[in-house]
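What follows is one structure encoded as structure tokens, with my remarks underneath.
The values are calculated or read from the model by the stated rules, or taken from the named source; none is laboratory data. Remember, predicted model here, so these are calculated numbers, not experimental data. Heads up, the Cβs are rebuilt from the backbone with ideal geometry, glycines too, and the neighbour counts pull from every protein chain shown. Calculation scope for accessible area: heavy atoms of the full protein, side chains included, ligands and nucleic acids excluded. Shrake-Rupley method; radii C 1.70, N 1.55, O 1.52, S 1.80 Å.
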Amino acid sequence: MPHDFTNKTAVVTGGTRGIGRAIAQKLASYGARVCINYRASAELAEQVVAELREAGAEAIAIQTDVSEQEEARRLIKEAEQQLGPIDFLINNAGIFDVVAHDEFDEQLWHQTMKVNVDGVFYCTWAVKDAMVARGYGRIVNIASIAGLEAKPYSIAYATSKAAVVGFTRSLGQALASDNVRVNAVAPGLIDTEILHGVDPALLEQLIELTPAKRIGQVDEVADLVSFLLSDESDFIVGQTMVVSGGRVNLP
Ligand code: NDP
């Protein structure tokens, strides 16, 4: 087992499918107790919890819309009540759109910011003081390479993910001396339902732009998240690590 997360409690937002589900599975396989969160897909959430329990993990699902502050507080409170103090928070829930600048309006802008930025802030704020008080915590935010380069067809999304990168950088420094480590992962194209709405021709172009010439797999993101949660990455603070098959090179 690459990591031992026995007796650790993790909250993974947006854990019903895609990257969040893979993270929940990976953490459970390393011995963590896992709370997944979802907004609408109750049936999928039940399936994931059943899978995690079958694999021997303690697991629960809590319905909450992370973009509402009270809901985010309730998520953390209920997870703590049922599983114990939270060691790991993975802010994964997110929404994505491909829309030209002259086709999107303030509603898409605000909704994207609410889920992708406010949601990360609310969940983090609900958990960080307890982590600081205990002198231990690990937070990993799922950003995107869209937050690191221009995305003319996903302006709201790219802006929201750039905010996550900035939040991670500043909060990482603020909490490091309390042994609460905050980092982010910026995936490139990963094979999940979030890509189903993307024009296949555009997807082909994006694969062509990827030095590795392929789409990534959810486990490849979950492996990096696990590393950032583990003690092996103890000197990594406030960073955004790219998992993208070579797309986007940070200076
Ligand atoms: P999916 O669309 O497959 O899953 C999104 C998850 O987030 C679902 O579990 C969904 O729950 C949940 N969710 C959405 N909105 C809310 C909300 N308001 N409150 C609570 N939960 C919510 O996404 P991916 O797995 O593809 O992406 C996960 C993260 O990775 C996102 O932040 C995304 O931006 C990022 N990412 C993805 C990439 C990719 O290529 N797939 C590339 C780069 C970054 P429900 O099922 O109930 O709706």
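Under 6 Å by Cβ, and 6 or more places apart or on different chains, what pairs join a residue from the stretch 178-189 that is touching a residue at least 40 places away in the same chain (Cβ under 8 Å) with one that is among the basic types (Lys, Arg)?
Arg181/Arg138; Gly188/Arg247
Which one of these is within 22 Å of Phe235 (Cβ to Cβ), surrounded by 18 or more Cβ atoms within 10 Å (Cβ to Cβ) and at pLDDT 95 or above: Ile95, Ile90, Ile145, Ile155?
Ile90
Just to be sure before I move on: is Glu103 more than 16 Å from the ligand (Cβ to nearest atom), assigned to a loop (DSSP other than H, G, I, E, B), open to solvent by 20 Å² or more (accessible area, probe 1.4 Å) and farther than 16 Å from Thr192 by Cβ in the structure I sent?
Numbers: more than 16 Å from the ligand (Cβ to nearest atom): yes; assigned to a loop (DSSP other than H, G, I, E, B): yes; open to solvent by 20 Å² or more (accessible area, probe 1.4 Å): yes; farther than 16 Å from Thr192 by Cβ: yes.
So Glu103 fits the description; yes.
Looking for whichever is surrounded by 24 or more Cβ atoms within 10 Å (Cβ to Cβ), hydrophobic (A, V, I, L, M, F, W, C) and near the ligand (Cβ under 10 Å from one of its atoms) here; the options are Val115, Val140, Val120. Which one fits?
Criteria check complete, one pass: Val120.
Could you grab me the full set of residues in the stretch 31-63 that are of a type outside the set (S, T, N, Q), part of a helix (DSSP H, G or I) and open to solvent by 30 Å² or more (accessible area, probe 1.4 Å)? Show your work before the answer.
First, pick out the residues of the stretch 31-63 that are of a type outside the set (S, T, N, Q): 31-36, 38-40, 42-46, 48-62.
After this cut, where a residue has to be part of a helix (DSSP H, G or I) as well, the list is 42-46, 48-54.
Once the filter is applied, which keeps residues that are of a type outside the set (S, T, N, Q), part of a helix (DSSP H, G or I) and open to solvent by 30 Å² or more (accessible area, probe 1.4 Å), the stretch 31-63 yields Ala42, Glu43, Leu44, Glu46, Ala50, Glu51, Arg53, Glu54.
When you look at Ala79, is it in contact (Cβ under 8 Å) with a residue 40 or more places away in the chain, out of contact with any helix residue (DSSP H, G or I) (no Cβ under 8 Å at 6 or more places or on another chain), open to solvent by less than 10 Å² (accessible area, probe 1.4 Å) and more than 13 Å from the ligand (Cβ to nearest atom), yes or no?
yes
I need a count of the residues in the stretch 63-76 that are in contact with a strand residue (DSSP E or B) (Cβ under 9 Å, 6 or more places away or on another chain) and more than 10 Å from the ligand (Cβ to nearest atom).
The number of residues fulfilling the criteria is 2.
Is there any pair with a first residue in the stretch 225-249 that is within 25 Å of Asn179 (Cβ to Cβ) and a second that is assigned to a strand (DSSP E or B) and among the charged types (D, E, K, R) whose Cβ atoms are under 8 Å apart and which are 6 or more apart or on different chains, and what are they?
Leu228/Arg138; Leu228/Arg181; Leu229/Arg138; Ser233/Arg181; Asp234/Arg181; Ile236/Arg181; Val237/Arg181
How many of the residues in the stretch 190-233 are over 21 Å from Gly246 (Cα atoms) and buried (at least 18 other Cβ atoms within 10 Å of the Cβ)?
Residues flagged as over 21 Å from Gly246 (Cα atoms) and buried (at least 18 other Cβ atoms within 10 Å of the Cβ) within the stretch 190-233 amount to 2.
Can you spot a residue in the stretch 16-24 that is surrounded by 24 or more Cβ atoms within 10 Å (Cβ to Cβ), within 13 Å of the ligand (Cβ to nearest atom) and assigned to a loop (DSSP other than H, G, I, E, B)? So that I can check it myself, show each step before the final result.
The initial filter retains those residues of the stretch 16-24 that are surrounded by 24 or more Cβ atoms within 10 Å (Cβ to Cβ), namely 16, 19-21, 23-24.
Filter once more, keeping what is within 13 Å of the ligand (Cβ to nearest atom): 16, 19-21, 23-24.
Still in the running and assigned to a loop (DSSP other than H, G, I, E, B): 16.
Within the stretch 16-24 (the criterion being surrounded by 24 or more Cβ atoms within 10 Å (Cβ to Cβ), within 13 Å of the ligand (Cβ to nearest atom) and assigned to a loop (DSSP other than H, G, I, E, B)), the answer is yes, since at least one residue qualifies.
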